[in-house]
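For reference, the structure is listed below as structure tokens.
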Amino acid sequence: MPSFHFETTPRIVCERGAALRLARILQAGGQRRAFLVTDPGLVAAGLIDAPAATLRAAGLHVTVYDRVEADPPEHVVLEAAQAARDDRADCVIGLGGGSSLDTAKLVALLAAHPQPLADIYGPQRARGPRLPLIQVPTTAGTGSEATPTSVVSTPDHQKRGVISSLLFPDVAVLDAELTAALPPGPTAMTGIDAMVHAIEAYTTRHKKNPMSDMLAVRALQLLHGHLGGAVRQGGNLDDREAMLLGSLLAGMAFANAPVAAIHALAHPLGSHFHVPHGLANSLVMVPILRFNLPVAEGAYAELARALDPGLRDAADAEAALAFIAAMQAHVAASPIPQRLRDVGVGESDLPVLAEAAMTVDRLLMNNPRDLTRDDALAVYTQAF
Ligand SMILES: NC(=O)c1ccc[n+]([C@@H]2O[C@H](COP(=O)([O-])OP(=O)(O)OC[C@H]3O[C@@H](n4cnc5c(N)ncnc54)[C@H](O)[C@@H]3O)[C@@H](O)[C@H]2O)c1
Ligand SMILES: [Fe+2]
């Protein structure tokens, strides 16, 4: 067996209503001044008032920072960190989608140990300590509550990642009640993002290991089994809880066995066309699964058999095609844009996208099959 390293969030609470019991989770560490990081959509959805009120009722001082933007830009991260410092916060709570959680990670770091963002992009460059950090996801999702990554949009339209073991949160809190009102479109997009995390972790060229494999398979079983229900009947908390758990497990997997070409080709759609992260993944997923098929057939067949025991005796070629068809069916059944032309991309933009994707080499290098600029263009053309 190849040697491997595995790191994850040390404490996980999966409990309905847990967002109303954050004080109990926090006070184990003796914190008094909580800085809660979220976005205006979460406030409007009515998801912030009750958790904040229960923290205050337990005697904590709480500041709600609600100015996170999707694909958080640098200036928002810096403003939030300064506010936490001014506030003398002694702990940070991220409550929201990946944008809020990623911002909360950097607030916890920069409030305790100011350092220029430009110095810490890339792997293991950040310096600690950081403030205690609890992450409460409201999408399922990015898995950010179980990854060492925070993705930030730079002023020159790039997405850069701070990747540091310091950014694994102290606690991940999965409360299905928070996700019940997420509308069908965002539920589908974020759910497909989580599936892609599991698939890319399972087929990654680097750092694939027995722990990440086990987590990716279980994640995909949960996500595949419950995405349709969560999209069609958002109030079904069994589906919602399974999606949150699947997203967490996929996050644990790709934190240790990194994502690849689907995320690399999704990146420029986000930075150039402001396509939401999950939707961008969904738009390029199937063309890349097809592109990878010649080298990933065995791995796709294993995933297919894990999802459908009826394929146990099928040959790899048949099972792998069934896997791609199953993923394609999830996209087709989702109430989201299906093609690049539906999200404002013109045919003449495709070469620019292909050029931009080639700069995401930190992810492309993980893809099971080498992908050239012409290959990227062919994928975008299929997705158009
Ligand atoms: N850290 C990581 O490992 C990692 C992995 C993948 C993606 N990301 C990043 O995460 C971000 C995307 O996160 P996301 O897809 O979760 O979306 P998001 O956090 O950008 O949220 C999207 C929208 O959904 C709304 N929303 C969220 N939860 C809701 C709920 N329960 N009910 C009603 N509305 C709700 C928000 O208000 C927001 O308007 C991107 O910046 C991406 O780069 C990070
Ligand atoms: Fe993702």
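None of Met195, Met243 is within 16 Å of ligand 2 (Cβ to nearest atom), under 20 Å from Gly17 (Cβ atoms) and either part of a helix (DSSP H, G or I) or of a type outside the set (D, E, K, R) (or both) except Met243.
Which residue, of Pro155, Pro183, Pro169, is over 16 Å from the mean Cα position of the chain (by Cα), closer than 30 Å to Pro73 by Cβ, more than 16 Å from ligand 2 (Cβ to nearest atom) and at pLDDT 95 or above?
Working: Pro155 fails: at pLDDT 95 or above; Pro169 fails: over 16 Å from the mean Cα position of the chain (by Cα).
Unique residue meeting the criteria: Pro183.
Is it the case that Val343 is at pLDDT 95 or above, within 24 Å of Thr190 (Cα to Cα) and within 25 Å of the chain's Cα centre (by Cα)? Considered against the rule, which asks whether it is at pLDDT 95 or above, within 24 Å of Thr190 (Cα to Cα) and within 25 Å of the chain's Cα centre (by Cα), Val343 comes out as yes.
May I ask you to verify whether Thr9 is under 21 Å from the mean Cα position of the chain (by Cα) and not acidic (Asp, Glu)? When the stated conditions are applied, Thr9 passes them. The numbered conditions (1) at pLDDT 95 or above; (2) near ligand 1 (Cβ under 9 Å from one of its atoms) are all true for Ile134 except (2). Given the structure, is Arg362 modelled with pLDDT under 95, of a type outside the set (S, T, N, Q) and in the same structural domain as Val231 (by TED's automatic domain parsing)? Answer is yes for this residue. Here Ala242 does not qualify as among the small types (Gly, Ala, Ser) and buried (at least 24 other Cβ atoms within 10 Å of the Cβ). Scanning region 79-99 for residues that are crowded, with 17+ Cβ neighbours inside 10 Å, more than 15 Å from ligand 2 (Cβ to nearest atom) and not in a loop (DSSP other than H, G, I, E, B) returns Ala80, Ala81, Ala83, Ala84, Cys91, Val92, Ile93, Gly94, Leu95, Gly96.
The values are calculated or read from the model by the stated rules, or taken from the named source; none is laboratory data. Values in this document were obtained by computation on a predicted structure and should not be read as measured data. Note: ideal-geometry Cβ built from the backbone for every residue, glycine included; neighbour counts use all protein chains shown.
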